[in-house]
Amino acid sequence: GLTQTFLLPDPAFVMDRKDLPLPDGFVEGNTVGINVSPMIIDYEKNQGMALQNYVNLVRHIIKETDMQVALIPHVVWSHNDDRKPLSQLYEMFKDTGRVVMIEDHNAEELKGYIARCRFMIAARTHASIAAYSTCVPTLVVGYSVKAKGIAKDIFGTYENYVLPVQSLAQEDDLKNAFDWIYKNEDLIRTHLQSMMPEYRERA
């Protein structure tokens, strides 16, 4: 017989969140969450370009806005540990008092931190889902077809919502992509708030 296939949102969209106390320096509703994966560093075309993009982005947020930055690891396996690139960023900026490092937590607890961010910049698909599902405007720095598929599903396009890591050619590419999300913050949040309840129903 014919099997019917249904396209359904990832079940992670309906995962519960658990809100732990926020660390010093994490301002609810005015913090940019940043998740970097070492895989991003592996996929980049130009050596060192990905990390430099993150450095320039954090510098930009500190200089041009009043927002805090939370570095949020999502995967911490020994051979694949988000804390490696994140701690490099932390070391560079910790003296500014504007950057906080979130320790390793389970998925529900991480979702609690991400939900309290004003923006999310996510390398990991599940970090982006945690943000989308709690209506946080999100830029995905992706290398997977899945990242594009989810964004297209939610916004009708992945243009401006997903920055393919392979296309990081200039060291301000990430900063410029974030600026678009920043400028369109209210539109993006309103769109997520209006469509997410029904989208989560489907998941």
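The values are calculated or read from the model by the stated rules, or taken from the named source; none is laboratory data. What you see is a predicted model, and the numbers here were worked out from it, not measured in a lab. Because the Cβ atoms are built from the backbone with ideal geometry, glycine has one as well, and the counts that use them run over all protein chains shown. SASA here: full protein model, heavy atoms, side chains in, ligands and nucleic acids out. Shrake-Rupley method; radii C 1.70, N 1.55, O 1.52, S 1.80 Å.
Which log10 I(q)/I(0) values does the range 42-93 give at q = 0.24, 0.26, 0.31 Å⁻¹ under the Debye formula, counting every alpha carbon as one identical point scatterer? Log-scaled intensity ratios, in q order: -1.03, -1.12, -1.24.
In plain terms, the chain from His79 to Glu108 could stretch by 8.2 nm, reckoned as 0.36 nm per residue minus the Cα-Cα distance. A crude spin-label estimate for the pair Leu20 and Glu185, with each label 7 Å from Cα along the Cβ direction, gives 2.6 nm.
Ligands, DNA and RNA left out, the 1.4 Å accessible surface of the chain is 50% carbon and sulfur atoms. About its Cα centre, the chain has a charge dipole of approximately 240 debye under the convention of +1 per Lys or Arg Cβ and -1 per Asp or Glu Cβ, with nothing else charged.
Among His191, Ala130, His60, pick out the residue whose Cα is farthest towards the positive end of the charge dipole of the chain, where Lys and Arg carry +1 and Asp and Glu carry -1 on C-beta, about the Cα centre. Sorting the options by dipole projection puts first His191.
Considering only alpha-carbon pairs that sit under 8 angstrom and 6 or more positions apart, the relative contact order computed for the range 70-192 is 18 percent. Over the range 104-174, one equal point on each Cα, no solvent: what is log10 I(q)/I(0) by the Debye formula at q = 0.22 Å⁻¹? For the range 104-174, the Cα-only Debye profile gives -0.93.
When you filter the GluC sites (Glu not before Pro) in the range 134-197 for DSSP loop state and at most 14 other Cβ atoms inside 10 Å of their Cβ, you are left with Glu159. The calculated 222 nm mean residue ellipticity attributable to helices in the chain amounts to -13500 deg cm²/dmol, summing -39500 (n - 2.57) over DSSP H runs of n ≥ 4 and dividing by all residues.
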